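In what follows, a single structure is set out as structure tokens and then discussed.
The values are calculated or read from the model by the stated rules, or taken from the named source; none is laboratory data. All of these numbers come straight from a predicted model, not from anything done at the bench. Note that each Cβ is placed from the backbone with ideal geometry, even for glycine, and that neighbours are counted across all protein chains shown.
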């Protein structure tokens, strides 16, 4: 039992030396939302805005990211029986992120993928808005550019997001923004 206790304490001490390699980053971004598939046949391109929190693991290459976003698209003229409709999404996703290169690199590409929940809402003049919460999946890539000598980074990111449901709501959000914090 004493050996197990010593082993646990040793692991904790070794882990404590690596805490500085871990870090939390906070991001904010906005951009273009491109509907594809069935969604594209109903709506034009729209906009997206979001925030994220990324926790970098000790390796510096792997991270867990929680993100929240809000987006809006509008009717593609002549596409649907509901004239002048707007489609909005509010939701969040939990991603796994893998970054290439070293933490100190000026340019750092990354890939990400995850799962989340999204509430989509369809509204139009003269109609009662319809809303439903669905599971969403996403995967994509991005690149982060270090700004100056600090840890602030400008990012450009895109991924395919598929919100499951009766209508296939697939979109490609293209976001640009800033991330602050360690890593």
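Restricting attention to the range 146-161, does a residue exist that is in contact with a helix residue (DSSP H, G or I) (Cβ under 8 Å, 6 or more places away or on another chain), surrounded by fewer than 16 Cβ atoms within 10 Å (Cβ to Cβ) and more than 15 Å from residue 67 (Cβ to Cβ)? No; the residues of the range 146-161 include none that is in contact with a helix residue (DSSP H, G or I) (Cβ under 8 Å, 6 or more places away or on another chain), surrounded by fewer than 16 Cβ atoms within 10 Å (Cβ to Cβ) and more than 15 Å from residue 67 (Cβ to Cβ).
When the range 106-130 is filtered for residues that are more than 22 Å from the chain's Cα centre (by Cα) and at negative phi, the ones remaining, listed by number, are 122, 123, 124, 125, 127, 128, 129, 130. On the stretch given as the range 58-74, residues that are closer than 19 Å to residue 108 by Cα and either in contact with a helix residue (DSSP H, G or I) (Cβ under 6 Å, 6 or more places away or on another chain) or surrounded by fewer than 16 Cβ atoms within 10 Å (Cβ to Cβ) (or both) total 5. The set of residues from the range 115-168 being within 21 Å of residue 50 (Cα to Cα) and not in a strand (DSSP E or B) comprises 147, 151, 152, 164.
Residues of the range 41-55 that are free of Cβ contacts under 8 Å to residues at least 60 places away in the same chain and more than 16 Å from the chain's Cα centre (by Cα): 41, 43, 44, 45, 46.
Restricting attention to the range 93-123, the residues being more than 16 Å from residue 154 (Cα to Cα) and buried (at least 17 other Cβ atoms within 10 Å of the Cβ) number 9.
Of 134, 183, all but one fail to be closer than 29 Å to residue 84 by Cβ and either touching a strand residue (DSSP E or B) at 6+ places or on another chain (Cβ under 6 Å) or modelled with pLDDT of 95 or more (or both); the exception is 134.
Suppose we keep only residues that are part of a loop (DSSP other than H, G, I, E, B) and in contact with a strand residue (DSSP E or B) (Cβ under 7 Å, 6 or more places away or on another chain) within the range 85-113. Which one would you say is farthest from residue 65 (Cα to Cα)? Give the derivation first.
Narrowing the range 85-113 to residues part of a loop (DSSP other than H, G, I, E, B): 85, 100-106.
Okay, now just the ones that are also in contact with a strand residue (DSSP E or B) (Cβ under 7 Å, 6 or more places away or on another chain), so 85, 100-101, 106.
Values: 85: 32, 100: 16, 101: 18, 106: 21 Å.
Applying the filter and picking the extreme gives 85.
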